[in-house]
Amino acid sequence: MSRAGTRLTLLLLILATVGCDRVTKYIAAVALADAPTRSFMMDTVRLEYMENTGAFLSLGASWPADVRTAVFIVGNAVLLLLVVVAAVRGRWSGLALVGATLFVAGGMSNLADRIVRGSVIDFMNVGIGPLRTGIFNVADMAIMLGVALTASVLFRSPGPSARA
C-alpha cells in the first residue's frame with residue numbers, strides 16, 4: 001500500500017474508533033443514566049452507566065483533583081504523544097502500527113472526556129456469574145486491542161541489535 005493509502009487508512013481507523021466511542025457514550029448517557037442496569041444474554045453482558053473520574057477500574061478516583069489532572073490529563077497526553085513518536089521514529093508498520101493507532105484513538109477519545117467532563121463515561125460489563133470485568137467503554141476496548149496487537153508484534157520481533 002502506498003504511503004498516502006496507509007495514512008488514509010489510519011485516519012479512517014482513528015475516525016471510526018473515536019466516532020464509535022463518542023456515539024456509544026452519548027447513547028449511554030441518554031439511555032442508561034439514572035436507569036437500572038440492563039442485562040443481556042443470561043447476564044453475560046450488562047449495560048450500566050458510570051462516570052469514572054479515575055483510570056482503569058476507577059484507580060485514582062479518590063485522588064485530589066490536582067493529582068488526577070496531572071496524571072490522567074497531562075500524563076495521558078504525554079503518553080499518547082510518546083506512542084506516536086515511537087511509531088514514527090521506529091517506522092512501525094502492519095499490526096504494530098494498527099495497534100498504536102487504536103491505542104492512540106481510544107486514548108484521545110477518553111482524554112477528550114476528561115478535558116471536557118472531568119470524567120469518562122463507562123457503560124459495559126461482561127462476565128459469567130461472579131467473574132466479571134470492570135465497567136468499560138469502546139475507547140477502552142480500542143486501547144486494550146491496540147496494546148495487544150502492538151505488543152504481540154514488538155515482543156515477537158527481534159530488536160535492531162539482533163538483526164545486525
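Just so it is clear, none of the values below were taken in a lab; they were calculated from the coordinates. On a predicted model such as this, the values are computed, not experimentally measured, just so you know. Reconstructed Cβ throughout: ideal geometry from the backbone, glycine too, with neighbour counts over all protein chains shown.
Kindly provide the helix-only [θ] at 222 nm of the chain, computed as the sum of -39,500 (n - 2.57) over DSSP H runs of four or more divided by all residues, to the nearest 500 deg cm²/dmol?
On the way: 6 runs with 93 residues, N = 164.
Theoretical 222 nm ellipticity from helices: -18500 deg cm²/dmol.
With the crude spin-label approximation of a point 7 Å out along Cα→Cβ, what separation in nm comes out for S152 versus T9? Modelled inter-label distance: 1.6 nm.
Which trypsin sites (Lys or Arg not before Pro) in region 4-93 pass both tests, a DSSP loop state and at most 15 other beta-carbon atoms within 10 Å?
Listed in order of number, the matching sites are R91.
Here the extension length gained between E51 and A112 equals 20.6 nm, from 0.36 nm per residue of separation less the Cα-Cα distance. Mark the label point 7 Å from the Cα of M1 along Cα→Cβ and return the residues of region 92-106 whose backbone N is within less than 14 Å of it. Correct set: 92-102. Each residue of region 89-97 was assigned a 3J(HN,Hα) from its phi angle through the Karplus curve 6.51 cos²θ - 1.76 cosθ + 1.60 (θ = phi - 60°); the sequence is 5, x, 6, 4, 9, x, 5, 4, 6 Hz, with glycine and proline shown as x. Relative to the longest principal axis of the Cα atoms of the chain, helix 138-154 runs at roughly 30 degrees.
Relative to the dominant Cα principal axis of the chain, helix 3-31 is inclined by about 10°.
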